[in-house]
Structures are given as structure tokens and as C-alpha cells.
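Single-structure report; data block below.
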Amino acid sequence: MTDDVLTFQYATSDQQREAVTLGMWAFLATEVLFFGALIAAYFNYRIWFGAEFIAAAHMTKVAFGTVNTAVLLTSSACMAMAVNTYQAGRTRAPVLWLTGTALLGLAFIAIKSVEYYLEYQEHLVPAIDFDVGRYGGVAEIFFLFYFCATGLHALHLLIGISLVTWLAIRIGRGRIDRNGSTTRIIGLYWHFVDIVWIFLFPLIYLAGRSG
Amino acid sequence: MSGRAVLRCWAALMGLLALTTGLAFVPLGAAQLGVSLVIAVTKALLVLLLFMELKGSSGLVRVFAAAGFFWLLIMVGLTSADYMHRSDHRTAIDQIR
Amino acid sequence: MNGTPIWPIEASRYAGRVDFLFGSLLLISVLTMGLVVFLLALFATKYRHSSKAIRDGSTIKTWRFEVAWTAVTLLVFVGLAVWGADLYLRLYNPPSDALQIFVVGKQWMWKAQHPGGQAEINELHVPAGQDIRLVLASQDVIHSFYVPALRIKQDVVPGRYETMWFRADRPGRYHLFCAEYCGTDHAHMGGWVTVMNPREYADWLRQQGGQQTLAMQGQTLFRRYGCSGCHNPGGTVRAPQLEGVFGSPVPLSDGSVVIADDRYVRDSILNPKGQVAAGYAPVMPTFAGQVSEDDLAKLVAYIESIGPTKAGGGR
Amino acid sequence: MSRPPNESYLSAKIGIRSWLLTTDHKRIALLYFAAITGFFAIGGFAATLIRYELITPGPTLGSPDFYNRLFTMHGVIMVWFFLIPSIPATMGNFIIPLMIGARDLAFPRLNLLSWYLFVIGGLITLTALLLGGLDTGWTFYEPYSTFYATGYVILAITGIVVAGFSSILTGLNFIVTIHKLRAPGMTWYRLPVFVWSTYATSLILVLATPVLAMTLLMLIAERVLGVGIFSPQLGGDPILFQHMFWFYSHPAVYIMILPSMGVISEIVPVFARKQLFGYTFVVWCSIAIAAIGFLVWGHHMFVAGQALYASLAFSFLSYLVAVPSAIKVFNWTATLHEGWIRFDAPMLYAFGFIGLFTMGGLTGLFLAALPIDVHVTDTYFVVAHFHYIMVGGAVMGYFAGLHYWWPKITGRRYPEYWARFAAILAFFGFNLTFFPQFILGYLGMPRRYQSYPPEFQVWHVLSSAGASILAVGYALPLFYFLWSILKGERAPANPWQATGLEWTSRSPPPPNNFDVTPTVVRPPYQYQRGDPCPQVDSD
């Protein structure tokens, strides 16, 4: 992220801050559609397959999903606290909140990997050893979508964690321009990754729970 | 956004999470998907308006934020127009006799 | 076929109607294009740099004129669209008593199977003046059954039946193409559709030799694949009896009702867990990969033959 | 700043590093020019081979497999590596900041990253094509492209996805620049139409390309893992791939045509010495095309097995999307009324564009009528239709813009009479190439056929003859532009007496575009009895 010394093409720093915010929101719009393509495929298959697709969703672990959602929502709150305290002029508090965010992110990844491992043992991983005979072809399509969506989300989360850690170190050393927009931009990115999970959670875990 | 506002918003999000997981086990039948999506949209709006400070930002930024989701609706809407009416399994051989 | 045709042959009345719509669209487009080219040429010559034409801005062009002109062209073209849609709906309403021919497309050839058991490769003999209903299936990639003389085309998506109907009125020999790119010999995956008057068609059927009809071949397969083991009365496993089922509504275990048409029969053979009949356990094994498309067509023909006897079904 | 008085962005810094690490939008535009001309040559060469092959009904150049790889190469290179970046990345990059009075784009370093992504993507796809190419067609339809095709499908698609990110970032850069970096006084209704149409194009670039990236990544996942999301082996639906592919690919054809419309809306008022008729209509039609363009993709799938209800809906929506284009054609024609028309090369290309684009648009209405589409989809009628729009429209617009802004970009004049001859030659060559294909299409000649029934040969020979003329028409500019760079006479700041902001700074412009940031006082295209009154009062 550019340290917000006034680059030559901007007349005022407000103009630059608004431009950077607009640029970030446009980038988030592209990410919404990037994940959206997967979600649109999910919706259409859910309409088209109906019961079989929902039966496959039954085999996901809703306990892991709920805990993970709670972890990610909390990390989003920590991120919001970090941005507030930083803009309020403090230095130690944002570093603490940012470390909290990063740790919660890592917790999410840990829970996710345990869940992946359990699913691997139940032969639910497509292309490796998915037990088509027992679960059926449509279940394999559901789990292919499940691994694509949660895998892509986890990748975005890892990028987020590294950004947050880098930011925490830089703020600790006082190398971030106080009224710049770097912290806000990383906050927007983190909250976006959280919103993707907010939509993925009901689609994957809550489908077909009521039997 | 003050510390207290973040706390209250966090509590609301946790409440909605509990609600949506709870409701998932209640047999609502066809409305199951609708209800879980409505709750998901409210949680997303909470994060968008409060955590991402859309409430305080200019109209232009809000339009940019809404554009991505609106185009996603166009895609899901028009493709489902095909899948909802594609009568693969239900074509009567003598539809119009 | 010698010489260079400008306009395709019209082998059916439907083709004539499509040409009529195409002609009117062509006329209106030529008029619109003519107007644009005329205005361009007029302004280009009259108001060229060195001309002394009067340019006092007297003829002010208000935007009302523009809105009116756009609205008129839109209404004309939407009228043509509605006319087109009506013609298109005709393609989607297959008449009930059509002669049903199963066509299977596989990489780089078409195989047609007549109800009487006759099979032909890259050829299709049909009687003139009678409604023909093609049930199309593909064994590998997407192909597209295209007969330009009849102005009809239907993509054949692997994994499901596509239906298409036509009534060829003019006897003759017309091109058959594959219109959806399907690999190396996509250009050679075609042949001829021969439309004959009904008498010649009957002679041709006899010449092909009267082996068993499609339904009878289906019956032998019904036993060979072991379907009769469960589906006949006194079977080892409780399975739905198939007599009188074809074409009538079947209640499913998830509460919805589906008409047991050729698509449902085919899907039940290949993916039995997809739509289980109400009151039965999903124990039927999948036959995907064991039953070829040709045998599937025979089994569907057999189950259709033991369906409710249709009044006057000239099968 | 102590800089020599007439220093230009070309002479400001010298050496390879100054080009490969530049963040100056003008230099990045020239880098894009170089890359795009290369890809245009490759795609064009493939086209000449195809036309040479189709002269005889039987195979001429080689096996059918070779022909399949040839038309796939032509499609992939022309669509993703020439047409989509052609105007936005080159003229858009160079001219937009000049037109709105900015020193550079909002994110200069992002702009350089876009160029590198484009070139890396291009090289990846090029290696795939040189190693043996792929024979899936540029549409990669399922399940052929995943389980049956034998070429370098994964490598080629990776290249396209990487180049896709380049167009996303370029679109994003333009949107933020147009919103935030306009000079004082430059309100939205004082923006030139080229800025508006590039803005509409950027909306599509940003909102459609991510869906293409995800769809192609799913295709790669299928082919690598051997597990079919779309393929029928597991019960998937190949038509879902077509939906998601065309959700991007139809707006992509508007990405190709909208910038050309912007260029034509710039050229016609300048060479007719008259204000553009119905400025607000033209401007909002660009935005309408970008928006409605997202609702019509189903007309590519009328025979694909789509539900009847969806086909009816898409057919009707396809008629709505034609309305804004018709309004634009009407406004260009009305602008000529009572003007002082000069027939320089850009204006000849503009006339060619209006004629050919109208024909392309009208044949589009044929294809939107359901029964006619059932007969002519996947035949040469469709091939002729989209070439009228892409070659007759987009490429004509590209050459029009190239000639119009050439003096501003290089500071030199091009040879006028050679340019007019090339424009007329390209126009006639184009019509001779693609009009016979309409007749072939209605006769039922399917596309992507190496060998065809002998009765179609006459039309193919005509088309191939036209293609050779068109090839000469497109090769000529390459030569006289090179000549113009070396020996062309110097061009003044405003050679065409235009009113835009870009004509107030020197040609070629200084590194920071304007010595002092201009303040805009009036809308563009203002002429009093033929004399221009520029948007900025020269104090």
C-alpha cells in the first residue's frame, strides 16, 4: 500500500484518500463476483438437483461450521477495534487488536484443517478417493463445490493474516502514516473475507439440517 | 465507531449466528433456504454498514459497494430462470394433446 | 445439387414460414439500412467542407423526433420478435401421434433406430407428410442435429434426452450436419436425410429386413440386464411394476409427481437414486456405464410398448 | 521545474529501464501498442490460413485437427489478446488523463502491473499455441474441452485467466481516475464522449471478467482433477458452463464495441465541424448498453437445451439492447446535418464504421428472432454477424482512433493519401470477405468446418478473395506509420482544429501532460460556424 505521502497526481490528500477507498471498493466488487460465480453455480445445482444435493449437504459438520463462523465474526470485531483505536491516535492498542485478529484467523484455519482431515477419513474428498458408490455422483459435485469455495476462502484468509501481521509490525515500529488509509484498506479486505464466509456458512452447512 | 458500538454489533452478530443455526434444525421445509439467506443478508449488512463504515461514507462509495452484489443477483436470477423452468424430469410426453 | 444455390431448399411448410419471417426481417432491415446510408451520402455530399449549402440551423432537430423514430423501430422489431416466438413455440409442442425415431450421436457419426428395429448410420429415411419425433441422445460430447432444408437444429447434450419434431413435406435428399463443434471429424459427422412418400418408405422398411422391433429387442435386454428379476411380478425384491406406467404420473418419495416419460425412464436406469418412486426403497443399482445409448433406446421403447395402449397408436 | 521547454514524454528519460519500469500512462500505452500489434499480426496470420484452407471443399492445408487448432488460435488470440484490450488499454491509457486534465491515472503502478499481467498471460497462451495449440474453439464448451480435447488446454486457459486480471485492474484504474482526477470545471456533462464510453467499458471489465476467471478456473480444476462439476459423468450439467461462460462473453463483445463507439463520437463532430447531436442521449446510451448487456447472454443458447421460458425472456431482452445502439447511429448521422465535412482518413474510417456497425446490428436482430436463430446459429450467418461488429465495428474504430490521435501520440503527421487509400481498401475488402458468408449461413453451412459440400464453394472463394484484399488494407498502415515515425513532418498541437483538452497541450505531450492544470469552462465539441472554441480559454 502506498505510504500516503502525497503522490504527484493528486492535488489534495482528501482526493487521494477518496480515490484509494473507491479503488478498494471496486476491487471488493470484483471479488464479490469472483466468489459469486461459485455461489451462482451452487444455487443452480440446488434448484436442479433438489433433494439429492441437500442430502449431500447433510454430511458436512455443522458444529465446526458454527464455531468457525463465531471465530471469524469475532476476528472482524477485533479488526474494527484495531482500526478505531489506531485512528484515535493510539499505538499499543491497535497492535494488540491486530494480533488478536491474526490469531483468530489462524484458529479458523486450524479448525478448517481438522475438518478437512475428518472429511478425508470419511472418503469425502473428490478426485482423491471419493466413495462414489456410497454417496453418489451428485454428492461428489457438492463436495467439489464445498472444497473449491472453502479452499478459495481459506486462501484469501491466509493473505489477510499475512497483511494483518505485516501491518501490526509496521504500526509497532511507527512506520505507518497516521492519517493514511493503509489500515482502513486492510480492515475493508478482512471484513470482506468475513462476509464471504457469512454467505458460505448457511449455503454449505445449514442446507437440509431439518431432515 | 466507538468501542461500545463495536461490542454491540459483535453481540448482534453472535445472536444472529445462534438464531440461524438454531432455525436450521427447525423443520421449516421449503422456507429453510429463504430464512437462512435473510439472516445471512442481515449479518452481512451489519458488517458492511458498521464495521466497514459504509454508514458514514459518501453515496458514491455505497453505490460501489452495492454494485457487486446487485450484479451477482442479476447472474443468479437470470440463470435460475432457466433452471427453474427446465422441465427435464417433468416433461409430459403428451404435453399438449 | 449442382450450380450455386442462393436460397436453401424448403423441404417443409415450417421452413416456408421461417423463410417468410426471414424475408420480412430482411425487408425492414434493408429499409433501415437504406435510410442510414442515404442520409450519410446526402449529408456527406451536401454539407462537404467546400459546398455553399445554407447552414443557418433553421431545421432544428428536436429530441422528440429522435424518440419517436426509435420507438417506431423498436415496436416494429418487437412485433417481429413476437411473430418469431409464436413460430418457435410450434417447435416445442410435439404432436402426440408422431412416428418416434431414436437418434444417437457419438463422436463423428449419427445412428438412427426406427421403431421397427431398422438402424442406419449417417442416414435417416422418413416418410413425407407425417409428423416425425426424434429422441436425440449423445454418448460423449455435445453434438447438434441440423437439417438446413427443414430449418431445424437441436443440440444433443450428453446425459439427457433432447426431443425434436418435424413434418417433411417434399420428398428429396437433404443435407444432415453436426452443428456443434465436437472434435476432429466434426466436419464429417453428417450425411443425408431422405424424405420418401409413404409407399416407398414402407417398401424401404421391408427391404431393411424385419428383425425384431425395437420393443422386442428391448424385452430381450430387459431380461438380459436382470431388470425382469425385480420388476416382474413375483420378483425377488419389492420393485414397482412397469406395466401401464409409461406416460402417466408417478408420485415420488420426496412428494413431487413426475410424468414417466422417456427422460424419466432413462434417468431411472442410469441414476436410480435421483427420483425414487413413492413407497419404494432406493435399492436399485445404477446401470450407468453398462447400458449403451442404443440399448437404452430399446429398453425405453419396450417400457413404452407395455405402457397404457394409446387410442389408435399406429406403432 | 527546470526542464527544457519542449521536452516530451518520449525524450524525458532514455534507456530500456525507463520503458520497462515506467509509470507514465503514455509510455504504458505505447507498450500496449507494441504487444497488441504483435498479437493482431498472429491472429491475422491465422485468419489468412483459414481463408486459404476454405478455398477448396476438401482439406488443403492439412488434417482436420490442424484446421481445428488454427481457428481456435485465431479466436483466442483475437478475442482476448487483441480486441478486448485494443482501445481501452492503448488509446484509453494515453488519452483519458489528457482529456480530463489529469497528470496520470489514479494508480500508475497498478497500470504497469496490468501491462505485465497482460504480457505474461499472452506469453503463456502463446507457448501453449506454439507447443501444439488446442482444438477446443475459443468457447471451450464442456465436456469436449475437459475430457476429450487433446491440446494444451490448461496452459492456454491459465494464460487467459492471467490476462483477465489485467483487464480487471485496467477497468478499476479507469473508473477511479474518471471519478476522482477530473480537472477543475470538468463536470460529468463536460466530459468528452470517449471518456464516457471508456467508463462504461470499464464497468463491464470490472463486473464481468471475474466470472470468466472463476469459470475457467473451474474448467482447469475439472481437467486436472478429472472430476466433472459440469460434465454429465456425475450428473452435472454442461449447459451451466455455457451460462457462466456467456455471462462474461456477451458483455465482452460490448467491451469490444463501446470504445470504438466513443472514438467515432469524438471523430464525427471534429470532421463535421459541428456539435455532437444529442450529447446526453449518446452518453447515457453507452451506460445503458453496458447495463443491459448483462441481461441478454441467453441468446447464444437458444438451441443448447435451455428452458423454453428462458429462451423467450432472452430473445425479448436482446431486442431491448439494440435500442441504445440504434440511438447512437441516429445521433452520428444527425451530427453531419449542416456541417462542414472534411474526408480525412479518420472520417473515412468513421463512415465505414457507421455503415458496417449498422449492418452488424441489424443482423443481430435476425439472430434474436427465435426460429431464425434455430436455423442459423452455429452457421456462417453468425460468423458474418460477429465479424461485422468486431472487424467492421471495433477494428475500424481502432484504426480511426489510431489515425486521429497519431499526431498527438508521436508528434508527427501520417501520409494522408496513403491512409485514405488504406481505409477505402479495407472497407471493400471487408465487405467482399464477410457479405458472402451471410448467404452461406442461411444456406446452412455450419461453422468450424474444414471440408464442406461442393455447392458452397463459390461463396467461399469470394470470401477468400475479399480476405486477401482486407489483409493488404490492414498491412498498409503498419508501413506508413513506421515511415511517419522516422520521416513524417512535425505535427502542431491541434492539427484537426478539435476542442478537446488533449489538443491544448503539446504533441507529443510533456511528461506531466500539462504545464499548468487547465480549468474547463465549456462542454466539448463547441463550434461557431465551423471554428472550434476549445474547452479551455487560452489565457
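Read the figures in this text as sums done on the coordinates, not as results from a lab. Keep in mind it's a predicted model, so treat the numbers as computed, not measured. Backbone-built Cβ (ideal geometry, glycine too); neighbour counts: all protein chains shown.
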Which of D:LYS13, D:LYS487, C:LYS153 comes first, and how do the rest follow, when ranked by fewest Cβ neighbours within 10 Å? D:LYS487, D:LYS13, C:LYS153
Scan around C:HIS125 for amide H atoms under 5 Å from its own, H built in the peptide plane at 1.01 Å from N, and keep only partners 5 or more places away or cross-chain. C:THR194
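Quick one: net charge around D:PHE194, please, counting Lys, Arg +1 and Asp, Glu -1 for every other residue with C-beta under 10 Å from its C-beta.
Values: positive: none; negative: D:GLU266, D:GLU502.
Net charge in that neighbourhood comes out at -2.
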Could you give the Stokes-Einstein D for segment A:13-205 in µm² per second, using the C-alpha Kirkwood radius, 10 °C, 1.306 mPa s? 88 µm²/s
Quick one: compute the contact order of segment D:1-102, relative version, from alpha carbon pairs under 8 angstrom and 6+ residues apart, as a percent. 37 percent
D:LYS274: which lysines have alpha carbons under 26 Å from its alpha carbon, excluding same-chain residues fewer than 8 sequence positions away? C:LYS46, C:LYS52, C:LYS61, D:LYS328, D:LYS408
Contact order relative to length for chain C, counting C-alpha pairs under 8 Å separated by 6 or more residues, stands in percent at 15 percent
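Over the protein assembly as shown, what is the percentage of antiparallel beta bridges among all DSSP beta bridges, to the nearest 5? Spell out each step's value before the answer.
Working: 33 of 46 bridges.
Within the protein assembly as shown, antiparallel bridges account for around 70 percent of the total.
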In whole Hz, with x marking every Gly and Pro, tabulate ³J(HN,Hα) for segment D:459-465 from phi via Karplus 6.51 cos²θ - 1.76 cosθ + 1.60, θ = phi - 60°. 5, 5, 5, 4, 4, 5, 4
Please work out the Cα center distance from segment D:458-520 to segment C:132-192, rounded to the nearest Å. 48 Å
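Could you tell me which of rounded, prolate or oblate describes segment C:214-305, using a ≥ b ≥ c as the square roots of the eigenvalues of the alpha-carbon gyration tensor, with rounded for a/c under 1.5 and, failing that, prolate when a/b is larger than b/c and oblate otherwise? Working shown, then result.
On the way: a/c = 1.45, a/b = 1.31, b/c = 1.10.
Taking the square roots of the gyration eigenvalues as a ≥ b ≥ c, segment C:214-305 is rounded.
Excluding C:VAL283 itself, calculate the net charge of residues whose Cβ lies under 15 Å from the Cβ of C:VAL283, where each Lys or Arg counts +1 and each Asp or Glu counts -1. Write out the running numbers ahead of the final one.
Values: positive: A:ARG134, C:ARG238, C:LYS273; negative: none.
For residues surrounding C:VAL283, the net value is +3.
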Counting other beta carbons within 10 Å of each Cβ, put A:TRP166, A:TRP97 in order, fewest first. A:TRP166, A:TRP97
A student applying the Cα gyration tensor rule (rounded when a/c is under 1.5; otherwise prolate if a/b is larger than b/c, oblate if not) would label segment A:1-104 oblate
Once the mean of 1/r over all distinct C-alpha pairs in segment D:25-530 is inverted, the Kirkwood radius in Å reads 23.3 Å
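Taking every pair of distinct Cα atoms and averaging 1/r, then inverting, what Kirkwood hydrodynamic radius in Å comes out for segment C:169-247?
Working: mean 1/r = 0.0583 Å⁻¹.
Roughly 17.1 Å, rounded to one decimal.
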Kirkwood-type radius of chain B, with distances r between different C-alpha atoms, in Å: 16.8 Å
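Suppose a student asked you for the relative contact order of segment C:214-305, using Cα pairs under 8 Å spaced at least 6 residues apart; what percent would you report? Before the final figure, lay out each step's value.
Details: 113 pairs, mean separation 33.0, N = 92.
Once normalised by length, the contact order is 36 percent.
Once every DSSP H run of n ≥ 4 in the protein assembly as shown is given -39500 (n - 2.57) and the sum is divided by its residues, what mean residue ellipticity at 222 nm do you get, rounded to the nearest 500 deg cm²/dmol? It would help to have the intermediate numbers written out before the result.
Numbers: 34 runs with 678 residues, N = 1162.
About -20000 deg cm²/dmol.
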Here segment A:174-179 yields Karplus 3J(HN,Hα) values (6.51, -1.76, 1.60; θ = phi - 60°; whole Hz; Gly and Pro given as x) of x, 9, 9, 5, 4, 9
Can you give the three extents of the C-alpha atoms in segment D:374-420 along their principal axes, from longest to shortest, in whole Å? 52, 19, 8
Rounded D (µm²/s) - segment D:1-88, Kirkwood Rh over Cα pairs, Stokes-Einstein at 37 °C, 0.692 mPa s: 206 µm²/s
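Any idea what diffusion coefficient the protein assembly as shown gets from Stokes-Einstein, in µm²/s, Kirkwood Rh on alpha carbon pairs, 10 °C, 1.306 mPa s? Write out the running numbers ahead of the final one.
On the way: Rh = 32.2 Å.
Diffusion coefficient, whole number: 49 µm²/s.
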Nonlocal amide H pairs with C:ALA260, under 5 Å, H built at 1.01 Å: C:GLY247, C:SER248, C:VAL250
Set of lysines near B:LYS43 by C-alpha distance (under 18 Å), chain-local residues within fewer than 8 positions excluded: B:LYS55
Derived scalar couplings ³J(HN,Hα) [segment B:41-46; Karplus, 6.51 cos²θ - 1.76 cosθ + 1.60; whole Hz; x for Gly, Pro]: 5, 5, 4, 5, 5, 4
The value for segment D:274-409 (convex hull of the alpha-carbon atoms, volume per residue, Å³) is 120 Å³
Among D:PHE302, C:ALA260, A:THR69, which residue has its Cα positioned farthest towards the positive end of the charge dipole of the protein assembly as shown, with +1 placed on the Cβ of Lys and Arg, -1 on the Cβ of Asp and Glu, and the dipole taken about the Cα centre? A:THR69
Cross-link pairs beyond the 27 Å C-alpha cut-off, checked among C:LYS106/C:LYS298; C:LYS273/C:LYS298; C:LYS153/C:LYS273; D:LYS26/D:LYS487: C:LYS153/C:LYS273
Let me check the size of segment D:378-514 from its C-alpha atoms; what are the radius of gyration and Dmax in Å? 19.6, 62
Options D:LEU216, D:TYR279, C:TYR92, ranked by Cα towards positive dipole end of the protein assembly as shown, top entry (Cβ charges): D:TYR279
Listed with the fewest Cβ neighbours within 10 Å leading, A:TYR135, A:TYR146 appear as A:TYR135, A:TYR146
Given a 10 angstrom Cα cut-off, can you work out which residue in A:ALA93, A:ALA102, A:ALA11 is the most mobile in a GNM of chain A? A:ALA11
